[in-house]
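Derivation of every value follows stated rules applied to the coordinates shown; laboratory data play no part. If you're wondering where the values come from, they're calculated on a predicted model, not measured in any experiment. Neighbour counts run over all protein chains shown; Cβ positions are idealised from the backbone, glycine included.
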Amino acid sequence: MRPDLSVELAGLRLRNPLLLASGIWGISAQLLRRAASAGAGAVVTKSLGLLAREGYKNPTVVRLPVGFINAMGLPNPGVDTFRAELEELRDLEVPVIASIYGFSTEELGEVARRLRGTAAAALEVNLSCPHVGGIHEAGSDPQLVREMIAATVEVAGQDRKPVFAKLSPNVTDLIPVAKAAVEAGASALTAINTVKAMAVDMETGRPILWNKTGGLSGPAIKPIALRHVYELSKAVETPIIGCGGVETYQDALEFILAGATAVALGSAVGSRGVEVFREIATGIEAYMLRKGYRSVRQLVGLSHEY
């Protein structure tokens, strides 16, 4: 008998624990559909705001041997325009999660309100973007996080949509921030967002990115993300989506064993292609067969027993 890879995440049924992370491919219905066809268990849109944003000027991405540094500046068409893309996804076989942001609690609540009645099965609140002022500060303040999540939950609850909180690693202690989000009604936590970083051109002496600093993603941040998932899963009972540097099925399993219910892939899609979802799912299944596990849910948090 084949192992059961399905998981339940805050009331959503996922055929496997692999999500397309926000910020990768999530700008159109076509790309989200392609990720689902390639084996993703759920897909997350690019972060949507109240108004359209063009983002920063080039260069916006630096490729490193260990990942990427990006400073895109949250480019997006705005929530009203993106509603049309969501409408095309009503028949998608996996849950669609809309990532949202706001420069104030009121703005965030309004973005959530405009997503009522759409195909989005859940909302993920981007509480930090390390290269956009007004957003990155929010994720370091437990009280502000509490207010922003509560405002989103109040609106999303009318549509019975669970709310996820995407947490920033750029804080001294993530536990108080996570607890504030949970107390405000977050149904799941995504850990982690990118790590603030930069790169300098030695020939010109200038920062490479137009914005000077950006967010580091990819294999370089996996040990950081893994540690946060492990500590968060001990501190709260809320499901956790592990995010940061997942490239292989071994990486995904480490996050699950550390306490993640699901795992989000971002940079791996950019570096290895969208078929990475199927490859990782196949690897997890083979591991479970070899070890005698019937359900992936048996693996969640197993490392805490040792």
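Observations on the structure shown:
- Shape call, the range 31-188: gyration tensor on alpha carbons, a/c limit 1.5: rounded
- Of Tyr306, Tyr293, the sequence from fewest to most neighbouring Cβ atoms within 10 angstrom is Tyr306, Tyr293.
- Summing Lys and Arg as +1 and Asp and Glu as -1 over all other residues whose Cβ lies under 10 Å from the Cβ of Arg146 gives a net charge of -2.
- For Glu124, the residues whose amide H sits under 5 Å from its own are Ala98, Ser99, Ile100, Phe164, ignoring neighbours fewer than 5 places away on the same chain, with H placed 1.01 Å from N.
- When each of Lys46/Lys196; Lys179/Lys212; Lys57/Lys161; Lys196/Lys291 is checked by Cα-Cα distance, pairs over 30 Å: Lys179/Lys212; Lys57/Lys161; Lys196/Lys291
- Rounded Å value of the spacing that divides the Cα centres of the range 95-126 and the range 192-216: 29 Å
- Cut-off 12 Å between beta-carbons: net charge of the residues surrounding Ile97, Lys and Arg +1, Asp and Glu -1: +2
- Vicinal HN-Hα couplings computed from phi for the range 61-78 (Karplus, 6.51 cos²θ - 1.76 cosθ + 1.60; Hz; Gly/Pro x): 9, 10, 8, 10, x, 10, x, 9, 10, 10, 9, 6, x, 6, x, 6, x, x
- Cα shape, the range 7-305, gyration tensor, a/c 1.5 rule: rounded
- Ordering Thr118, Ser168, Ala220 by Cα displacement along the dipole of the range 92-229 toward the positive end leaves Ala220 in first place; charges were set at the Cβ atoms of Lys, Arg (+1) and Asp, Glu (-1).
- Each Lys and Arg adds +1 at its Cβ and each Asp and Glu adds -1 at its Cβ; summed about the Cα centre, the chain shows a dipole of about 500 debye.
- Among the trypsin sites (Lys or Arg not before Pro) within the range 1-57, those in coil by DSSP and having at most 16 neighbouring Cβ atoms inside 10 Å are Lys57.
- Chain lengthening between Glu54 and Phe103 when straightened (0.36 nm per residue, less Cα-Cα): 16.0 nm
- For the range 163-241, the set of GluC sites (Glu not before Pro) satisfying both a DSSP loop assignment and a count of at most 14 other C-beta atoms within 10 Å is given as Glu203, Glu237.
- Restricting the range 51-154 to chymotrypsin sites (Phe, Trp or Tyr not before Pro) in coil, as DSSP defines it, with at most 14 other Cβ within 10 Å: none
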